[in-house]
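Before any comments, here is the structure.
What follows is calculated from the coordinates using simple rules that are stated; it is not laboratory data. Since we're looking at a predicted model, the values are computed, not measured. No Cβ is skipped: glycine too gets one built from the backbone with ideal geometry, and neighbour counts run over all protein chains shown.
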Amino acid sequence: MRSAGLVGLAALLMLTAGCLGWASSPEPSIEIPPTTAAQGSTVTVEVTAHHVSNVGVWSPPRLMDGPNHGPEITLDVANATVDPHAPVTTENPNISSELYWNWGKTQQNVTLHIPIVVPEDAYPGHYKYKLVTDEGEPGWSPALLANGTVRVTSASQQ
């Protein structure tokens with residue numbers, strides 16, 4: 001009789017833990033497909049994220065295989081679209097790497113369409129940028145960094 005009571009108590013505790021949110025929640029994730037763009041073009045990358053409350057730009061695109069003192073390609077967050085909608089926010093308007101979208105609560109699925117602007121005189125090569133996401137307030141919960149890449153080709157190669 002006592003073992004049946006312990007089994008019942010264990011089942012009740014497991015059920016209660018799930019109702020109170022003690023059960024583990026899915027980890028945040030983000031996927032950024034590699035992108036190719038020609039000099040002087042704008043392409044859009046589709047980013048998907050799961051179980052997140054915010055997504056932000058951690059670092060802008062940087063050339064990985066050449067000089068980093070030329071024209072910069074940019075993530076045009078002002079013209080990005082996000083689903084579900086969230087306004088782009090910044091804590092410092094002078095630093096583009098502090099831009100983020102905040103939904104205020106965890107979203108199961110988020111899709112971002114971010115334009116990438118490549119100047120005509122951008123160096124051809126591979127560029128890397130980082131996005132950051134988590135399931136809490138920006139800077140207050142464990143973050144997940146994701147690398148995105150853009151291969152810039154010469155306009156004459158198109």
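Here Thr81 and Leu145 are evaluated by their C-beta separation; at R0 = 25 Å the FRET efficiency comes out at 0.65. Dipole check for the stretch 26-157: with +1 at the C-beta of Lys and Arg, -1 at the C-beta of Asp and Glu, and the Cα centre as origin, the magnitude is about 180 Debye. Highest mean first, the peptides 72-79, 83-90 sorted by other C-beta atoms within 10 Å per residue fall in the order 72-79, 83-90.
Expressed per residue, the C-alpha convex hull volume of the stretch 26-157 stands at 100 Å³. Taking a Cβ cut-off of under 14 Å around Asn147, the surrounding Lys, Arg, Asp and Glu residues balance to a net charge of +3, with basic ones at +1 and acidic ones at -1.
Protection proxy ranking, highest mean first, for peptides 25-31, 36-42: 36-42, 25-31, where packing is the per-residue count of other beta-carbon atoms within 10 Å, averaged.
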